Structure formats: C-alpha cells, structure tokens
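Here's the structure we're looking at; comments come further down.
The values are calculated or read from the model by the stated rules, or taken from the named source; none is laboratory data. Just so you know, these numbers come straight off a predicted model, no measurement behind them. Note: ideal-geometry Cβ built from the backbone for every residue, glycine included; neighbour counts use all protein chains shown. Only protein heavy atoms, including side chains, enter the accessible area calculation; ligands, DNA and RNA are left aside. Shrake-Rupley method; radii C 1.70, N 1.55, O 1.52, S 1.80 Å.
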Amino acid sequence: MKHVIYRNLTSSILRLGFILLLTFSTTVLAQEGDPANGKSLFNAQCAACHKLDKKMTGPALRNVEARLYEDEGLDREWLNSWIRNSAALIKSGDAYANKIWNEYNQTAMNAFPLLSDQDISDILAYTAQPKPEPPKPPVLVSGEGGQTGDSTSNSIILGALALLFGLLAMALVLVNRTLKRFADAKGVQVPETEKRTPIWKAFVQNQFLVLVTSIVLLLASGYFVYGYLMQVGIDQGYEPVQPIHYSHRIHAGDNKIDCKYCHSSARVSKHSGIPSLNVCMNCHKSIGEVAPETLAEGQEYGVDYNAEIQKLYKAVGWDADNQKYTGDTSPVKWIRIHNLPDFAYFNHSQHVSVAGLECQTCHGPVEEMEIMYQHAPLTMGWCINCHRETNVKVKDNAYYTKIHEQLSKKYGVEQLTAAQMGGLECGKCHY
C-alpha cells in the first residue's frame, strides 16, 4: 500500500515539475532574443498590420507566444511556420490557422521566409515585454519649467509697493490736518492764494495753440484711420482652432510627408484643396495611437493626439476594433485659414508646377507649426514685391525657352524676374 502511495505521489510531482518546466521554457524562449533588435524588426515587418496592445488588420501581439501556448497549446514551431508561410498553414487545414484567417476577414498575411529563427526570437522577445506605463504630464515646480515662482514674487512686490504708497498718502493727509489745527490754535493766518485762470481757459484764449493742436489731432487721426483701413481684410497671424487638431509639425516636419501628398490638387488646379479624410485614413487605418513620446509632446500643447485620431475615426465611420467602415459618417467643418478676395486670381499650379515654388515661400515654415496659421500678409504689395524680386526658373523648362531669349535681349539681362515677364500686368490677377 505504501509503495502504491509513493508511486502516485512521485508521478504527481513529476507531472507538476513537467508542467512548470514547460511554462518556464516558454517564458525563456520569449526572452532569449534581443528585444531591441526585435523592436526594429517589428516596426519594419509587422507594424503595418499589428500593434502590441490593440487589434488592427491582425490581432494584438503582446505576449502572443505565451497566450498561444496557454490558450491553444501551440508552441514556437507553430509560430515559426505561421510567420514564414501562413497561407501554407491555412491550406494544410490547421484549425487555429483557419480560425484566425476567418476571424480577420480572410486577410492574407505576408510571408516572411527570410526571417531566421533568431529574428523571430528577437521579435517575440520584444512582444513579451511588459506594457509600459503611460507618461505622466510634467508637474511644474515653482521656478522650474514655468513662471509660477516669478509671477508669485512679482505679485508680492507689487502688493507691498501699493500698500507703501497708500500709507504715505494717509501720512501726508494726517500731517496736513495736524498743521492746519496747529495754525488755528496759535492764531496763525495762512494767506490764501490768488485764484488763477484755469489752464483750459488759458488754452482756449490762445488761438495759436488751438490751431496747432487741431492740426496735430487731424493729422494723427488721419494716420490712425489710414492704418486701420489698410489692415481691413489682412489676416496675417490668423490661427483658428480646427474641429480636429492636425499637427503640421509632426506630419510635415517629423515624418517628412510631402505637402503635395495631402494637397495633391496644388499641382494641377487653381486651389490646393482640402484633403479628403480618406487620405488621412491611408495611414491612420494602421495608426490608431501615437508613440508615448509623441503623446507626451502633445501634452505640452494641451492636445491628446489619440483623442484626435478617435475624432477622425468617428468622422469617417471607422470601427477600429473590427477594422471596417460602419457607413455612419459625419462631415468635418474645417475652418479656412488663407482666403484671398474674390477679385484676386491666384493659381496654385502655375506657382507650384510651372514656377517650382516651395509651399513654404508663401505659407511659411509649415513643418514647424503645431497649429497652422497665416504666415504672410497676402496683400497686393506683398505679391508685387515677390514678382519684382523672384527670378523665373527657365532651366530645363521648355515653356520659357523662346520667351526668355526674346525678353533677355530686350532687357539686356541673363535672369528675368516675373515682373519682366508680365507679372505686374493688372490682368494677371484681376480680370
């Protein structure tokens, strides 16, 4: 009887040890790779369809090896086969491979036959890392990273000065009253000062001063009225808050996205055009959340980039969880920033495609703008000065070859400005 109990106990201990060994080996397999190299491989090969903690075109991959082993009993060998050739695994009739394929709308996964075992180990080591804590907004300490300490000290100084002046005024009033009482008590008569003509009466009686003052006031009024009227319709510095925050600093600056990728009609049309939200979704179908570092940058501007992406999803009717459009859309009421008068004609394609101007020439350092604003005044004088100072690019431009030869002889110059080619004619912009 004791031998039976001993054998049962021994087999139970061995079974438990085997299970622990398998669990430990699974964890070790996920950690034997290089997470740093795995991150670069993941970003290059996997990030277009997968995120670590959120479903995208494919499933979330955080702790994917451990989850597959615990839930489905699938080991590293199965993962290697799936990563290198998922289509072959599906055709073989593998149950879980077909389940995943059907669950994600039968979307074919790219094959990666060139990934070595070590590459896959590195990627899985990266996916096995714990989820990092979200960045906390910086706390401004008095005197550090802000002006809290300075503003507080300035308020204290101003308050002390105001109190001091108030005490001095009260002291002067008390001294004046004391002196009057002392004079009355001693019978001292204080001589009364003679009443003088008020200064305003003296001024009115002096006709020369009245004339000079009137002329100065008229000239000053005319100057300020002229300055005010010249600013009518000029919106330089205009920086409206858009319904969906869009950071040109990130897109055009950090990510180096060409302006004409979004504003494609600037090449061929009078207008640069408002990009369709489908253009945004070309990237944001795969980018539902920004990196923690970028999210922390947004907090400095008071913007939650992830929340703005959700606004985009709501506008286009995108269901990020199921990776499909719902059809429930809503228009985005963008606020126009650059707006010329109706009587002024400006053609983007003529300047962008023919003249070869960069967008920054008129719109300023767009790649540095967190919020887009009107950089230039866009006045008639500003345009005319540009035409007078800008040489026309005639190299490798057959359109200008003949006219350049004729006009360069006429003006006796090698380089022609836009003004010399008719850029100051009224009909160019007003017709």
Of (1) farther than 22 Å from Ser286 by Cα; (2) assigned to a loop (DSSP other than H, G, I, E, B); (3) within 39 Å of the chain's Cα centre (by Cα), Lys55 fails just (1)
Those residues of segment 357-394 which are out of contact with any helix residue (DSSP H, G or I) (no Cβ under 9 Å at 6 or more places or on another chain), assigned to a loop (DSSP other than H, G, I, E, B) and among the small types (Gly, Ala, Ser) amount to Gly364
Failed condition for Lys260, given (1) among the charged types (D, E, K, R); (2) open to solvent by less than 90 Å² (accessible area, probe 1.4 Å); (3) in contact (Cβ under 8 Å) with a residue 24 or more places away in the chain; (4) touching a Ser or Thr at 6+ places or on another chain (Cβ under 7 Å), with all others met?
-> (4)
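Does segment 381-408 hold any residues that are among the aromatic types (Phe, Trp, Tyr) and without any contact (Cβ under 8 Å) to a residue 24 or more places away in the chain, and which are they? Give the steps one after another, and end with the answer.
We begin by selecting, within segment 381-408, every residue among the aromatic types (Phe, Trp, Tyr); these are 382, 399-400.
Trp382, Tyr400, listed by residue number.
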From Gly159, Gly146, grab the single residue that is surrounded by 10 or more Cβ atoms within 10 Å (Cβ to Cβ), within 44 Å of the chain's Cα centre (by Cα) and either at pLDDT below 80 or within 30 Å of Leu52 (Cβ to Cβ) (or both).
-> Gly146
Given the conditions (1) charged (D, E, K, R); (2) modelled with pLDDT of 85 or more; (3) under 21 Å from Lys270 (Cα atoms), and given that Lys393 satisfies all but one, which numbered condition is not satisfied?
-> (2)
Which one of these does Leu9 not meet: (1) at pLDDT 85 or above; (2) open to solvent by 80 Å² or more (accessible area, probe 1.4 Å)?
-> (1)
Has segment 203-225 got at least one residue that is open to solvent by 90 Å² or more (accessible area, probe 1.4 Å) and closer than 30 Å to Ala344 by Cβ?
-> yes
Taking segment 264-281 only, how many residues are in contact (Cβ under 8 Å) with a residue 24 or more places away in the chain, open to solvent by less than 60 Å² (accessible area, probe 1.4 Å) and closer than 26 Å to Thr329 by Cα?
-> 5
Tell me, yes or no, whether segment 235-243 has at least one residue that is assigned to a loop (DSSP other than H, G, I, E, B), open to solvent by 50 Å² or more (accessible area, probe 1.4 Å), over 22 Å from Leu378 (Cβ atoms) and in the same structural domain as Ser330 (by TED's automatic domain parsing).
-> yes
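A quick yes/no check of all residues on (1) of a type in the set (A, V, I, L, M, F, W, C); (2) open to solvent by less than 50 Å² (accessible area, probe 1.4 Å); (3) out of contact with any Gly (no Cβ under 6 Å at 6 or more places or on another chain); (4) without any contact (Cβ under 8 Å) to a residue 12 or more places away in the chain:
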position	(1), (2), (3), (4)
Glu308	no, yes, yes, no
Ala315	yes, yes, yes, no
Trp334	yes, no, yes, no
Cys359	yes, yes, yes, no
Thr379	no, yes, yes, no
Within segment 339-357, restricting to residues that are in contact (Cβ under 8 Å) with a residue 60 or more places away in the chain and among the polar types (S, T, N, Q), the one that is most open to solvent (accessible area, probe 1.4 Å) is Asn339
Tell me, please, whether a residue that is touching a residue at least 24 places away in the same chain (Cβ under 8 Å), of a type in the set (Val, Ile, Thr) and assigned to a helix (DSSP H, G or I) can be found in segment 285-300.
-> yes
Does segment 161-181 include one or more residues that are part of a helix (DSSP H, G or I), among the small types (Gly, Ala, Ser) and within 30 Å of Met372 (Cα to Cα)?
-> no
Ile335 passes all but one of (1) more than 18 Å from the chain's Cα centre (by Cα); (2) assigned to a loop (DSSP other than H, G, I, E, B); (3) of a type outside the set (Asp, Glu); which number fails?
-> (1)
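Given the structure, is Glu133 over 35 Å from the mean Cα position of the chain (by Cα), of a type in the set (Asp, Glu) and at pLDDT below 90? So that I can check it myself, show each step before the final result.
Numbers: over 35 Å from the mean Cα position of the chain (by Cα): no; of a type in the set (Asp, Glu): yes; at pLDDT below 90: yes.
Answer is no for this residue.
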Answer from Ala66, Ala88, Ala44, Ala60 - the residue that is surrounded by 15 or more Cβ atoms within 10 Å (Cβ to Cβ), not assigned by TED's automatic domain parsing to the domain that holds Ala291 and not in a loop (DSSP other than H, G, I, E, B) | Ala66
